[in-house]
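Here the structure is laid out as structure tokens; the discussion comes afterwards.
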Amino acid sequence: MTSIRKTILAGAFALLSNSAFASETVSVFSTSGCGCCIGWIKHLEEAGFTVDAKNLAMADLWAKKMEAGLKEGQTSCHTGFVGGYVVEGHVPAAEVKRLLTEKPDAIGLAVPDMPMGSPGMGESDEPYDVLLVMRDGKTETLASYPK
């Protein structure tokens, strides 16, 4: 196969893999005016997701997190929902895609707090983990960044 054909096929595959997630709408809840939340939403959209964002009062946002099954120490500034899962905080789009592909028996993913270098939080090589949040509230590390 020629290198041109390989390049065309690789590009087509990338478009198809992103378009598969375009039908997945991520509902994102945050408080008004949070710049890093806007940055994370942009990151998801650039990765092919459709995002429906809503601003809530802090008490209502916290209630959404608790209703989703998140525990103290697993939360961040915004909460997303996609494909029956919760996605808490600055989770990289690649891990959201992995979640939707692998479909683990869990409530979702979390990047607690707001680590520098995570999507929406600016450039940094500060390490952080993406946690898989199990139904019993326990977590396990799904991925570590930077890779």
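The values are calculated or read from the model by the stated rules, or taken from the named source; none is laboratory data. What you see is a predicted model, and the numbers here were worked out from it, not measured in a lab. With ideal geometry, Cβ positions are generated from the backbone for all residues, glycine too; neighbour counts draw on all protein chains shown. With ligands, DNA and RNA removed, areas are computed over all heavy atoms of the protein, side chains included. Shrake-Rupley method; radii C 1.70, N 1.55, O 1.52, S 1.80 Å.
Out of all the residues in region 57-66, is one or more of a type outside the set (S, T, N, Q), assigned to a loop (DSSP other than H, G, I, E, B) and in contact with a helix residue (DSSP H, G or I) (Cβ under 8 Å, 6 or more places away or on another chain)? No, there is no match, as no residue in region 57-66 is of a type outside the set (S, T, N, Q), assigned to a loop (DSSP other than H, G, I, E, B) and in contact with a helix residue (DSSP H, G or I) (Cβ under 8 Å, 6 or more places away or on another chain).
Here is a check on your reading of the model: is GLY80 part of a strand (DSSP E or B) and at pLDDT 95 or above? Here the answer is yes, as GLY80 does meet what is asked.
Among the residues making up region 21-60, those that are among the charged types (D, E, K, R) and open to solvent by 70 Å² or more (accessible area, probe 1.4 Å) are LYS42, GLU45, GLU46, LYS54, ASP60.
Within region 86-100, the set of residues being in a helix (DSSP H, G or I) and under 17 Å from THR25 (Cβ atoms) comprises ALA93, VAL96, LYS97, LEU99, LEU100. Just one of the listed residues (GLU45, GLU72) is farther than 17 Å from LEU142 by Cβ and in a helix (DSSP H, G or I), namely GLU45. Test VAL82 against the criterion of being closer than 17 Å to SER30 by Cβ, of a type in the set (Val, Ile, Thr) and surrounded by 12 or more Cβ atoms within 10 Å (Cβ to Cβ), and give yes or no. Considered against the rule, which asks whether it is closer than 17 Å to SER30 by Cβ, of a type in the set (Val, Ile, Thr) and surrounded by 12 or more Cβ atoms within 10 Å (Cβ to Cβ), VAL82 comes out as yes. All of LYS103, LYS147 fail the test of being modelled with pLDDT under 95 and among the basic types (Lys, Arg), apart from LYS147.
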